[in-house]
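First comes the structure, then the notes that go with it.
The values are calculated or read from the model by the stated rules, or taken from the named source; none is laboratory data. For clarity, every value in this text was computed on a predicted model and none was experimentally measured. Cβ atoms come from the backbone with ideal geometry, glycine included; neighbour counts cover every protein chain shown.
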Amino acid sequence: MRPGQLKPNEFEVAILERILADHADVHVDISGLHVLSRTFTGVGSYTTFLTAKGGERRILRTAARIDVAGLRDGLGNVVFMSGDELEMLELYTYGDEKWDGVYAGFVIDGDAGNGPAGSCGHIE
């Protein structure tokens, strides 16, 4: 990933596409997303997108397993929506595993057994 990259990278796009495929009721044009910031925490990351910040807040996820080299249990995921716009993609490790943000050779596959895909709820 290059500094100042304003579009989602191939890893983020693949995850977002999978989440949206699991939520047929959500229609978002990923190609129109503008990245405001990326934060790496050592145990995950936050990618924040430009939004108008209006409308009902929703949380989406996929139960698909997201594997990257060096992580025994892969990554979990959550997408925060504001109205019909993607607001933030959060990725996180399980347990005490550390992740440096490197995603080369990632694989997104099937149900990781972390519960059902679906809406995690609404934020009031």
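Structure data summary
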read-out: Pairs with Cβ under 8 Å, 6+ apart, first in the stretch 88-102 and farther than 18 Å from Arg61 by Cβ and of a type outside the set (A, V, I, L, M), second modelled with pLDDT of 95 or more and not in a loop (DSSP other than H, G, I, E, B); value: Asp100/Phe40; Gly101/Phe40; Gly101/Ser45
read-out: Cβ-Cβ under 8 Å pairs, at least 6 apart or on other chains, the stretch 53-74 side part of a strand (DSSP E or B), far side of a type in the set (Ser, Thr, Tyr) and surrounded by fewer than 16 Cβ atoms within 10 Å (Cβ to Cβ); value: Arg58/Ser119; Ile59/Ser119; Leu60/Ser119
read-out: Residue in the stretch 27-39 that is acidic (Asp, Glu) and touching a residue at least 12 places away in the same chain (Cβ under 8 Å) present; value: no
read-out: Selection within the stretch 75-109 - in a loop (DSSP other than H, G, I, E, B) and within 15 Å of His23 (Cβ to Cβ); value: Gly83, Asp84
read-out: Matching residues, the stretch 64-87, being of a type in the set (A, V, I, L, M, F, W, C) and crowded, with 18+ Cβ neighbours inside 10 Å; value: Ala64, Ile66, Val68, Leu75, Val79, Phe80, Met81, Leu86
read-out: Sole exception among (1) at pLDDT below 95; (2) under 15 Å from Val102 (Cα atoms) for Glu12, by number; value: (1)
read-out: Considering residues of the stretch 1-52 that are among the polar types (S, T, N, Q) and surrounded by fewer than 13 Cβ atoms within 10 Å (Cβ to Cβ) only, the residue nearest to Val78 (Cα to Cα); value: Thr39
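Results for (1) modelled with pLDDT under 95; (2) more than 15 Å from Pro8 (Cβ to Cβ); (3) out of contact with any Phe, Trp or Tyr (no Cβ under 7 Å at 6 or more places or on another chain), shown as yes or no for each residue.
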| position | (1), (2), (3) |
| --- | --- |
| Asp25 | yes, yes, yes |
| Asp29 | yes, no, yes |
| Gly44 | no, yes, no |
| Ala63 | yes, yes, yes |
